[in-house]
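Down below is the structure, laid out as structure tokens.
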Amino acid sequence: MNTPSQAFTEFQVSLAQLGQNTATDDWSDDQRMERARHTFMSRLDRRAAVDMDTCIHCGMCAEACHFYVATQEERFTPAYKIDPLRRFYRREVSPMRLFNRLFTRKLDADDLREWSELVFEACTGCGRCDMMCPMGINISDNINIMREGLAAAGLVPGELRELQDEQREKNTLFGVGADELRSVASKLAEQGTQLPLDKVSADVLLLTTAVEIRLFPEAIAACAKIMQKSGADWTISTEAFEASNLGLISGDKASRRSAISRIADKAKSCGASTVVVPESGHAYQALRWESANELGEALPFEVLAISEYVARALKDGKLSLKPASDLGSVTYHDPCRLSRQGGVFAEPREVLQVMGLDVRETDSNRRENLCCGGGCGEYAISRSARIRQQAFDLKRHELDDTQADAVVTGCNNCRINLMIGAEKSGWDMPVISLVETVAGNLAE
Amino acid sequence: MTLLDFARGPALQWSLIILVAGIVWRVLGAILLSTRKDLSTPRRKSGLKDGMGTIASRSLPASAFEKRIRFQHITGYAWHLALFVTVLFFGPHILFFESILGFGWPNLPNGVVLFAGAIALAILIALLIRRATNPVQKLISNADDYISVIIVMLPLLTGIIAFAHIGARYETLLAIHLLSIEAMFIWFPFGKLMHTAMTFPSRFQAGTSFGRRGIKA
């Protein structure tokens, strides 16, 4: 049974309060349009242009979207979510733009407001539609461009805006910063797990998240045990521990870049050859695939998800696991941004199998896995609660069909969303973390 | 100059010029835009194999999704197949291609081709009705979606009428058939019939960009 802890209940109260005191931009509609226009122009490159020119409006992408499938609301069709970008491309960028202007309605600020709902509240950026499109259109990439344009126009939902600003300006999230990390470190030390904070030099820079500090300190302890057991020379930085990147979610370039820079600078200054990302799908995407592009240079360190780190340590003989005694069968939920968009499919499954677990696949899995429904910060947006729960129900049925003892995942966002869904619907399949399962079964 | 002379002469020439120039202009207009180099370290090298793999795989059934999109998949396959049979294996079409290319190939019996043409036309009508009534397709459709389907229906319709010699002299019917094809040529680069050319670069780039992250797209 997924009994909500007090910390989880308090966290949900914090979520409900988000967005009430968010800064707003006092811009005219023309100013908003101009800012969106500038972003769209700079982001519509060859890749996006080919995508925009190839869509045949077949509508198949709707069938890949958990929000459409769960609600049957046609507005949630992925191709429709990027329609403003396509209209913009047709009028302003396409080689046929002079002709297209006769038939394509101009984008205005009201369109941007309407699509802010579709792109932020009704899309987790999971990219399942990318795998379905018969034309090979990378719809989620174009959703990202939409989000960037909307962020530039000041039309990000209040919850994400508040978190993004907090991270950029204060280097905290949900009020969690260096002090809270130190406090968790002392609690874990009392329990016998040391976190070597702020070492001047280290080979591995381990990251964590505010969510782990508030809700899942066991996951931090688990990462620490894995680091120790594998003999790593590692550290966690109180200045640059936060792996989450709200700018990646909200589309705000400055926030995205500052979060990435903070980590890259720390990794360089302590001479780390590896940055290990905790269980967070979007953080992996930000650091593994976006950071070099964001900073405009190849980076002198490798980025590994904690599951990749464990799989490699097992292979290199630095770590060994004993059979898991308290679990028989599990199903693995692929976090979208870690697997479908990040490429980490095999490692988590390998690790579960090393512990002798019977890994059962859901009907859709790996590159076609159904999103938990609230990934990538979506669970923070209160207005999307209804459709999120409907999408969760789809996921829940697929998980139940496996008849596994528990669902294991490698992402805090997924974990939280599954826990929220479970609490609301009385669902009782345990939701557990891969890294905590590993730490519980380390061989002596 | 008779209508048929016009259809076979200047109309054909100009429509082909618009078709070819338009396709080149539109493809180059998209392909020549700059794109940033991906600076992240690839999980594995990706290239031709991933790109070609995705070109092939997106024509195959889509595993987990298949049951939800079976209608579109089957009609999509049947429509393209019926079109190719009609265009490429009708005796008079082959003679026309032979006059341009200098070589021909065996034709299929007229009855088979007529059946394929009728199937192609019926599928287009079904797809048009679906587009106008299915909530998802209705919402995402623009004028191009309807124009492109109708303009492809016309050559099929006029071709069947010409074959059956209904309503006018054969020369007139043939001229109308040719003109309907030329109208399609002219519309081609302006609308979504361009997917014929754009699908391949689009699938290719999906294959390579996911491939470098270790994902088979």
Residue mean of other protein chain beta carbons inside 10 Å, A:56-69: 6
Likely footprinting exposure, A:Glu239, A:Glu159, fewest C-beta neighbours within 10 Å first: A:Glu239, A:Glu159
Rounded if a/c under 1.5, otherwise prolate or oblate - chain B, Cα gyration tensor axes: prolate
Residues A:Asp316 and A:Glu169, FRET efficiency given R0 of 41 Å [Cβ-Cβ distance, rounded to 0.05]: 0.50
Under Karplus coefficients 6.51, -1.76 and 1.60, residue-wise ³J(HN,Hα) of region A:338-349 in Hz, glycine/proline x: 8, 9, 4, 9, x, x, 9, 10, 6, 4, x, 5
Nonlocal amide H pairs with A:Glu302, under 5 Å, H built at 1.01 Å: A:Thr274, A:Val275
Point-to-point label distance, B:Lys216-A:Arg46, nm (Cα→Cβ direction, 7 Å offset): 2.7 nm
Pairwise centroid distance, computed over Cα atoms, of region A:55-69 with region A:237-268, Å: 33 Å
Shape category assigned to region A:195-295 from the gyration tensor of Cα positions, a/c cut at 1.5: oblate
Lysine pairs in region A:176-315 with Cα atoms under 17 Å, if 8 or more residues apart or on separate chains: 4
The protein assembly as shown, dipole about Cα centre (Lys/Arg Cβ +1, Asp/Glu Cβ -1), debye to the nearest 20: 1720 debye
Per-pair calculated FRET efficiency, R0 = 60 Å: A:Glu190 and A:Thr24 via Cβ, rounded to 0.05: 0.85
Given charges at Cβ of Lys, Arg, Asp, Glu: the protein assembly as shown dipole, positive-most of B:Ser40, A:Leu287, B:Ala217: B:Ala217
For region A:313-349 and region B:7-39, distance of Cα centres in Å: 49 Å
Environment charge of A:Val119, counting only residues whose C-beta is closer than 12 Å and scoring Lys/Arg +1, Asp/Glu -1: -3
Peptide A:119-132 - average C-beta neighbours from other chains (10 Å radius): 2
Amide H contacts under 5 Å for A:Ser244, placed H, 5+ residues apart: A:Ala210
Amide H partners (placed H, <5 Å) of A:Arg360, local residues excluded: A:Val330, A:Thr331, A:Tyr332
Under Karplus coefficients 6.51, -1.76 and 1.60, residue-wise ³J(HN,Hα) of region B:149-164 in Hz, glycine/proline x: 5, 5, 6, 8, 5, 4, x, 5, 5, 5, x, 5, 5, 5, 4, 8
Formal net charge of residues neighbouring A:Glu239 (Cβ-Cβ distance under 11 Å; K, R +1; D, E -1): -1
Two-site FRET efficiency, B:Arg36 against B:Thr172, from Cβ-Cβ distance with R₀ of 60 Å, rounded to 0.05: 0.60
Cα gyration tensor, region A:238-284 - rounded (a/c under 1.5), prolate or oblate: oblate
Alpha-carbon centroids, region A:166-193 and region B:99-123: separation in whole Å: 72 Å
Partner chain coverage, peptide B:22-31 - average Cβ within 10 angstrom: 4
Dipole of region A:29-153, positive direction: furthest Cα of A:Pro95, A:Ala152, A:Pro134, with charges on the beta-carbon: A:Pro95
Orphan Cys of chain A, criterion: no other Cys C-beta under 4.7 Å: A:Cys55, A:Cys58, A:Cys65, A:Cys123, A:Cys133, A:Cys223, A:Cys270, A:Cys376
Residue-wise HN-Hα coupling along region A:291-302, computed from phi with Karplus coefficients 6.51, -1.76, 1.60 (Hz; x: Gly, Pro): 4, 4, 5, 5, 8, x, 7, 5, 9, x, 9, 9
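Every read-out reported here was derived from the displayed coordinates using simple, explicitly stated rules and does not represent laboratory data. Just so it is clear, the structure is predicted and the values come from calculations on it, not from any experiment. For neighbour counting, all protein chains shown are included, and Cβ atoms are generated from backbone atoms with ideal geometry for every residue, glycine included.
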